[in-house]
Protein chains: 4
Amino acid sequence: MDRRTFLATGSLAATASVLPGAGTAAQSVRDERLFQRIDFTSDGLGLDPHEYASRLQAMAGRDGFLADNYSLGGEVAKVEQAFARLLGKPAAMFVATGTLANLLAVRRLAGDDRRVLVQAESHLYNDSGDGAQLLGGLNLVPLAPGQATLPLTEVRDWVERSRSGRVRNDVGVVSIETPVRRRDHTAADFGELERVSRYARAEGIRLHLDGARLFALPQHSGQPLQAYTALFDTVYVSLWKHFNAASGAILAGSEDFIDGLSHERRMFGGALPAAWPQLALVEESAARFQVDYAESWRVADALLGILEASGRFRARRLGDGSVRFYLSVAGTDPAGFVQRIRQRGIRMAMPVPGTGEIPMQVNATLLRAAPDDLARRFMDALHA
Amino acid sequence: MDRRTFLATGSLAATASVLPGAGTAAQSVRDERLFQRIDFTSDGLGLDPHEYASRLQAMAGRDGFLADNYSLGGEVAKVEQAFARLLGKPAAMFVATGTLANLLAVRRLAGDDRRVLVQAESHLYNDSGDGAQLLGGLNLVPLAPGQATLPLTEVRDWVERSRSGRVRNDVGVVSIETPVRRRDHTAADFGELERVSRYARAEGIRLHLDGARLFALPQHSGQPLQAYTALFDTVYVSLWKHFNAASGAILAGSEDFIDGLSHERRMFGGALPAAWPQLALVEESAARFQVDYAESWRVADALLGILEASGRFRARRLGDGSVRFYLSVAGTDPAGFVQRIRQRGIRMAMPVPGTGEIPMQVNATLLRAAPDDLARRFMDALHA
Amino acid sequence: MDRRTFLATGSLAATASVLPGAGTAAQSVRDERLFQRIDFTSDGLGLDPHEYASRLQAMAGRDGFLADNYSLGGEVAKVEQAFARLLGKPAAMFVATGTLANLLAVRRLAGDDRRVLVQAESHLYNDSGDGAQLLGGLNLVPLAPGQATLPLTEVRDWVERSRSGRVRNDVGVVSIETPVRRRDHTAADFGELERVSRYARAEGIRLHLDGARLFALPQHSGQPLQAYTALFDTVYVSLWKHFNAASGAILAGSEDFIDGLSHERRMFGGALPAAWPQLALVEESAARFQVDYAESWRVADALLGILEASGRFRARRLGDGSVRFYLSVAGTDPAGFVQRIRQRGIRMAMPVPGTGEIPMQVNATLLRAAPDDLARRFMDALHA
Amino acid sequence: MDRRTFLATGSLAATASVLPGAGTAAQSVRDERLFQRIDFTSDGLGLDPHEYASRLQAMAGRDGFLADNYSLGGEVAKVEQAFARLLGKPAAMFVATGTLANLLAVRRLAGDDRRVLVQAESHLYNDSGDGAQLLGGLNLVPLAPGQATLPLTEVRDWVERSRSGRVRNDVGVVSIETPVRRRDHTAADFGELERVSRYARAEGIRLHLDGARLFALPQHSGQPLQAYTALFDTVYVSLWKHFNAASGAILAGSEDFIDGLSHERRMFGGALPAAWPQLALVEESAARFQVDYAESWRVADALLGILEASGRFRARRLGDGSVRFYLSVAGTDPAGFVQRIRQRGIRMAMPVPGTGEIPMQVNATLLRAAPDDLARRFMDALHA
C-alpha cells in the first residue's frame, strides 16, 4: 500500500468499519483494514473532523435519532441509560467534561463534610484548576504521593486526624482515580480498593471513582467492570477517550444522587443547549468497546511478539498497566523512526527525551491491520 | 406544494441555501425556498440533527478546516477572531454556554469589588442558577424590576449606598442585558446605556454586556453593533441563537481580559476537548447575519401587511422590540390555527394562554419563501 | 419626685453597688449619683472603660462566677440560657459580633436553598461587608427599598420568580430586621410580619429575625417579646447595644439549629478563647431592661412635656419609631446648644446638617436624673 | 535567694500594683505574694477572672487609657503599634482570634494564586475548621506530615507540580507555623526557614508565619525575633498565650497589606465593637516577655537541677523544643502526685496516659517562687 492508495479510498469509507452493518461483508472490512490509519497516540479511533462529521451525519440520519434539549432527553438520555446499565448504577447524567463530572460528584457527595481524600497524583488534584476547592468550597487532601494506589492506612489516618482537630472537619468523600493518567495509566490495587471501600462505608464516608478510562481495566485485572463500580457511590467515565465522543463524560450513581443534578450542571454553565453532536457516536462505541479492546491487545501482543523476535524492538509493559506500554528501538534514532513510520500510516508519539522510549496507546485502530502487516511496516521504518 | 413534495425533496437539499456556493444557481435556490420549513419559534435556522450534521460534514471537509484542542486553536480560534472583529474588541474566547460566559465575565471584571449591579429581569439574575453568587462569590444586586432599561439613577444610588455601608462593599461591575429575553427581547434604551457607561467609567466601575441576541439590535435602533460594544469592557454573544451553533458563546474584551481566561474556563469544567462540532456553522452564519436579518424583517413586514389587510390577523409590535412580535388571529381558535399551519411547513409556538396571542420570532427561515406564498399559507390555515 | 426619692425607689440604685469604690464611702456614692452623665447618644449606659472595668471586677469577684473556655460554658452559658428563656427559644449561642450572628444564622438556615430575601435597608445587606454572599455563598435578594416593612407581596413575588427560572434557585430564608437601624430604628409592621411568617412556613422557607434592638419593641407596639420571636426560627439580639456588653450577640433557635453551631463559629474565627470580659454585665442588664426602658421613656416623655411647653423645643416622634426621636431647638444655634449642654453632664449627638434636628436615643441613663432637673439643664444650655 | 529578695529584684513586683486592692494594705499584698499560684499548664500567667478584672480596672483607670471603636484606635492601636515595632513590620492589626488572623493573612496574600503550602501538622490545617478552604476558597496543600520543619524540597516539588497541571494552579503562599503546637511546640529548623524564604521570594511566592508563640523562640535558638519575621511577609502572634490577653491576635505586615484589612475583619464578623477589655494587659506583658521568659527558664533549670539530683524526677527536654518539657516521677503514681502538688499551689496537667509523663509549660508564674521553695513543694508532694 502506498500513501496514494490510502488517500484514494477516501476517509469516509474508513468509517464503515464501525458504522451499523459493519462486518456483514468480510471482504470490504478486510479492504478497509489494509488502508486505514493506525494510531498509537489515542484512546479511541482518533477521528479527524471529516471522519467524525461523516459518522455523525450517518447517525443523525437514522430513524428515531433525537436531539436533546439543553442536554436533557433525546440521544443524551439514550447514552445515559446505556452507561447506567453498563456501570450497574440506577441512574446517570451526561456532563460536558470530565473535570465538571468529578467536581459535581465530590461536591454533592460531600454535603456538609467538606474534606475529600484524593490521590496526590490524581487528575482531580492536579489538572482540574482546583475547581473543587475554589468553586466547590471543598478541602481536597492529597495522599500517597508518587503512587497509583491509595492505601487504607493513609485514608484511616486522615479520617481520624480530621476528627481530632479543635474544630470538626469531617471527611465526607474518598475519591479514587484508576487507572491513573499521571502514573502512565497504571491501576490502583483492586484489593486495596475493596478495603478502602469497606472502611469508608463503615464510617459513613461516600466514595467516588474517577474512572475516565475505567473500561480498559477488566482486560488487565480480570475483574469485571461492575466489580469496580460496586465499590463506589458514584462513577465518572470519559466519553471522548474510549468512546469517540468529541467531548463529554458520564456521571453515574443512585437515583437520589442524579435527581436534580442537572440544575447544578446548569449553574456551572455546563448545560450545552444541544449536546448530541458531541456524543452521537458513543452508544455504539461503548457497546463494542470491551470486545474491541481485548481484540486490540491480541493484535498488539502478536505484533510485539514479532517485533521482539527481530531483536530490534523491545516492549516495556508496566506493572498494573492498562492502555499504555513503552517501545524501544535499537540501532536507529527513535525520533526518525517515528517520523518514517508515520509515512506508513502509523501514528506514534515522539520518544520521551532521555530514555528514547516511545509511549504507545492501544486502541481499536489496531484492528485495521493484521499483526504481520503492521510488523512489516515497523521493520521498514527502521531504515531511513 | 404539498407535504409529500416537501418530504420528497429531502432535508439535505434544503441546506444548500446557506451552504458555501449557495446562490450560484438561481433556479435551484428558488426551488428550495418553495419547499423549506419556515420557523417562527427559533432565533436561527432551527436545524434538525440531520440538517445540522450534513452542514457540519460539508464544513469539516473543507481544506484547512482544523479541529481545536481543548477549545483552543483550529476552528474555535477562527470564530473567536471573527467575533472579536465584528464586536470591535481586541480579543475573544469561545465558551461552551452563555451561562458560563456571563459568569466568567463578571467574576473576572469584579476582581476584589464584589458587588455587581444587574437588571432584576436579566438572565444572569434569574436563569443562571445563581452561579455568580454561589460559585463566583459575587453579590449581584437586582435593580429596575419589571423594566428592560437599567436607569442611571438606580445605578448611582447603589454605587453610593455601597460605599456608605460600615464595611466597604464596592460595586465592581455593572452588567446589562439587551435585548432582554424576559421582557420579550425588548431593548434597553440606548441613551441610558451611554449615560450608565459614562458614569461607571468615571467611577472606575467595569461594564459587561450580555448581548446574547445583540446582533438583532442595529436593525431596530439604527445604532451600529460597535456603538453598543464600545460602551462595555466585555461582551457576550450567543452562538447558538442567531448563528446556528449547536451550543456556545463568545466572550470578547481586551487582550488583558482574555489572556489566561482559558484557565478559568477549564476550572469551571467548561473546556470541551473538541468544540468544533458545536460551532463549525458559526463563522458563515455570523458573516451574513445582519444582511439576512434585515431581509427577514422585510419579508415579515410584507407578510404582515398582507395579513393585516385581510382583517383576520393583527400584529402587535413591541416598543423597543427586537426579534419578537405577537400575532392575533380573528375568527378561529388560535391553537387550532397553529396546528394547521404546521402542516403547511410553518412552525409556530402555541398561543399564550389567556390572550391567545402567538409569539413570533423573526429569523432567516423567512427567506425560504416569498411573502405572498407565506400569506397564502396563513390564510389557508384559517380554515379547519 | 425629687432626685432623692427616685434613687430610693429606683432601678439605678442597684447599679451603684458596682461602681468604682462602691460601698466603701456613702458620701462619694451620693456625689457620683448627682453628677452622673446622661447620654442621649447610646443604646445602653454608655460606660467608659473605667466604669466598665469596675463593674466587671465586681461581677468577676462574685461567688460562682466562671470563665468560659473558648466561648463555651461559664458565664457565657449563663447568658445563653438567660436569653433562650427571654426569647422563648430552646437554645442560644453567644457570638462575638452581630455581623457574625446574622451570617451564621442565614447560612445554616439556608442549607441548599441559597436565596435569602432581605430588606434593602437592612444591616445585613448594607453594613456586613457582604459576608453572607462572599463567604457564605448565599444570594441575598434586597427587597422593599426605602421601607422598614418587608411586604408579603414582594416576598411572594420573589419566591415564585425564583422557582420559575431555568435553573432552580429556591428561596431558603426570609430575614427581617426590626427595628431597622437605617430607618431611624423604626419597626416593621407587626401584622405584615405575621403574614410573611405564615406564608413562608407554608412554603417551607425558614425565617430569621435580626432583632439587634428587639427588646425595645414591646414598649412601642404592645406586642410581647415572644410574640415576635415566635414568628421566626432564629433570632439575633445584640448584647452591647441594650445590655452593656463590650461586644457580642446572642443567636437563639431550636436545639437542632444550635447543636454543633459552635464549630461554625470557630471556622469563622469567632470563638474568643475567653469571652467573659465582653459580656459579664449582660445578665443583669437584660433582666431589668424592659422595666428600665419603660421608665426611661416615662422620664423622656415628662422631659419633653416640659420642654415643649416652653416653646423653645420641639420633639419629632417617628411613626413606628422605637429608641429614637428628633429634637429641634428654636432661637439658638443647635450645634452650640449641644456643646453647652455637654458641659451640664448631658451628652448629645451633633445636629443633622440641613435640618438642625438632634437625633436622641432613649436609654437608662435618663434614670440618673429627674425630668425637672433635666429640663432645667436644657433651658440653661439655650444661653451661650 | 529567698522570696523577699526575689520580689525586691524581680519582674513580678510590677504586677503587684494591679492586683485586687493593691496598694491599700501593704500586709495583704505581701500575703498574696507568698501564696501565689505557680502554673505549669499555661503560656501566660493563667489569671482567673477576678485577677484579670482587677488588673483590667487598674489599666482602664490610667490617664490616657482610651477605648477602641469597633477595634479601631485607642488601646487597640497602641498594641498594634507596639507589636509592629517588636516584630519589625511597618504595620499591624488586631484580630479577635488567631484562627481569623491566619485566615485573613493567607487569603489576602494569595490573591489570585490560590494554592497555599502548609505543614500537615499545622494549626491552620488541622484546627481551624478548614475556614481557609471553605470560606477563603483556597487550596491548602499539606506537606511534611509528622514533622515540624517544612523542607525546601517539598516546597519546590509542589510549586513545580502546581505549574505543570493542565490548568494553572499557582502556589501563592507558603505558610509556616513555628513553634508547632501539634509537635509539642518544637521549632522548625531556622536554616530551612531561610532556604524556603529565599526560594519563595525568588519565585514571587508570599510567606506567612504562624508565630502564635513566636516570642519564645529566641531564648532557644539564639536567633532574634526579627531574624524570623524578616523571612516572612506577614506574621501572626497570639496575644492571649504569652501576653495575658483574654483573647486576640496580632497580624503584622507591610503598610499595603494592612491597609483596608479592617474591612475584611468586619466581613468575617471579627470586628469587636469594643476590644479593649480583651487586650488591655497586653502592652505591658509584651514589653517584658522576653526578659521574664528567660528568667522563667533560669528558675525552671535550677528547679530541674535540684529535682533530678534527688533521683526521684527526670526531665525530658525536646530537640528544638520551646515552651514545653516533660517530667517523670519515680516511685509514686504520677496522677496522685499532680493532685497533691496542686494543694501546694502548683498547677500541673494530668500525666499522659501510657507514659505517665507530665507535660510542663514554662511561664512567668515560675517567677513567683524561688527554685528551692518550688523544689521543696515537689518533694513534699511525692508522699501521699
*When both residues are 6+ apart or on different chains and their Cβ atoms are under 8 Å apart, which pairs have a first residue that lies in the stretch A:331-342 and is at positive phi, and a second that is surrounded by 14 or more Cβ atoms within 10 Å (Cβ to Cβ) and part of a helix (DSSP H, G or I)?*
none
*If you go through the stretch D:359-384, how many residues are outside any helix (DSSP H, G or I) and not aliphatic (A, V, I, L, M)?*
4
*Could you tell me which of the residues D:VAL159, D:VAL180, D:VAL196, D:VAL171 is under 19 Å from D:GLY111 (Cβ atoms) and surrounded by 24 or more Cβ atoms within 10 Å (Cβ to Cβ)?*
D:VAL171
*In this structure, is A:ALA132 among the aliphatic types (A, V, I, L, M) and not in a helix (DSSP H, G or I)?*
no
*Do we have A:ALA84 as modelled with pLDDT of 95 or more, within 24 Å of B:VAL76 (Cβ to Cβ) and not assigned by TED's automatic domain parsing to the domain that holds A:PHE289 here?*
no
*Considering (1) of a type in the set (S, T, N, Q); (2) away from chain D (no Cβ under 12 Å); (3) surrounded by 24 or more Cβ atoms within 10 Å (Cβ to Cβ), say which one C:THR186 fails and leave the rest.*
(3)
*Kindly list the number of the only condition in (1) crowded, with 24+ Cβ neighbours inside 10 Å; (2) part of a helix (DSSP H, G or I) that fails for A:GLU154.*
(1)
_Hits in the stretch B:235-292 (condition: within 13 Å of chain A (Cβ to nearest Cβ), outside any loop (DSSP other than H, G, I, E, B) and among the polar types (S, T, N, Q))_ = B:SER238, B:SER262, B:GLN278
*Read through the list (1) at pLDDT 95 or above; (2) touching a Leu at 6+ places or on another chain (Cβ under 9 Å), then give the number of the only condition that B:GLY331 fails.*
(1)
*Looking at A:GLU295, A:GLU264, A:GLU283, A:GLU308, which is the one that is within 30 Å of B:LEU135 (Cβ to Cβ) and of a type in the set (Asp, Glu)?*
A:GLU264
*Within the stretch B:127-149, is there a residue that is β-branched (Val, Ile, Thr) and free of Cβ contacts under 8 Å to residues at least 24 places away in the same chain?*
no
_If I ask for residues that are surrounded by 24 or more Cβ atoms within 10 Å (Cβ to Cβ), on the phi > 0 side of the Ramachandran plot and either out of contact with any strand residue (DSSP E or B) (no Cβ under 8 Å at 6 or more places or on another chain) or more than 8 Å from chain D (Cβ to nearest Cβ) (or both), which ones from the stretch C:124-144 would you list?_
C:GLY129
*With respect to B:THR229, determine if the residue is away from chain C (no Cβ under 14 Å), surrounded by fewer than 24 Cβ atoms within 10 Å (Cβ to Cβ) and of a type in the set (Val, Ile, Thr).*
yes
*Tell me which residues, restricted to the stretch B:183-201, are on the phi < 0 side of the Ramachandran plot and of a type in the set (D, E, K, R).*
B:ARG183, B:ASP189, B:GLU192, B:GLU194, B:ARG195, B:ARG198, B:ARG201
*Can you find even one residue in the stretch A:162-171 that is within 14 Å of chain B (Cβ to nearest Cβ) and modelled with pLDDT under 95?*
no
*Look at the stretch A:44-73 and say how many of its residues are crowded, with 18+ Cβ neighbours inside 10 Å, outside any loop (DSSP other than H, G, I, E, B) and touching a residue at least 60 places away in the same chain (Cβ under 8 Å).*
5
_Is it the case, given these coordinates, that C:ARG107 is more than 8 Å from chain D (Cβ to nearest Cβ), closer than 14 Å to C:THR234 by Cα, among the basic types (Lys, Arg) and touching a residue at least 60 places away in the same chain (Cβ under 8 Å)?_
yes
*Go through D:ALA227, D:ALA148, D:ALA212 for me and flag whichever is at pLDDT 95 or above and either of a type in the set (Asp, Glu) or assigned to a helix (DSSP H, G or I) (or both).*
D:ALA227
*asked:* Considering only residues that are within 12 Å of A:VAL174 (Cα to Cα) and either in a helix (DSSP H, G or I) or not assigned by TED's automatic domain parsing to the domain that holds A:PHE257 (or both), which ones fall in the stretch A:103-123?
replied: A:ALA105, A:VAL106, A:ARG107, A:LEU109, A:ALA110
*Number of the condition not met by A:ASN102 [criteria: (1) more than 14 Å from chain B (Cβ to nearest Cβ); (2) buried (at least 24 other Cβ atoms within 10 Å of the Cβ); (3) under 29 Å from D:GLY111 (Cα atoms)]*: (1)
*Give the stretch B:293-320 a look and list any residue that's farther than 24 Å from B:THR186 by Cα and either within 13 Å of chain A (Cβ to nearest Cβ) or aliphatic (A, V, I, L, M) (or both), or say none.*
B:ILE306, B:ALA309
*When the residues of the stretch A:177-206 are filtered to those that are in contact (Cβ under 8 Å) with a residue 60 or more places away in the chain and not in a loop (DSSP other than H, G, I, E, B), which remaining residue is farthest from A:GLY44 (Cα to Cα)?*
A:ARG206
*Quick one: is C:GLY356 touching a strand residue (DSSP E or B) at 6+ places or on another chain (Cβ under 7 Å), surrounded by fewer than 18 Cβ atoms within 10 Å (Cβ to Cβ), touching a residue at least 12 places away in the same chain (Cβ under 8 Å) and not in a strand (DSSP E or B)?*
yes
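The values are calculated or read from the model by the stated rules, or taken from the named source; none is laboratory data. This is a predicted model, so every value here is computed, not measured. Note that each Cβ is placed from the backbone with ideal geometry, even for glycine, and that neighbours are counted across all protein chains shown.
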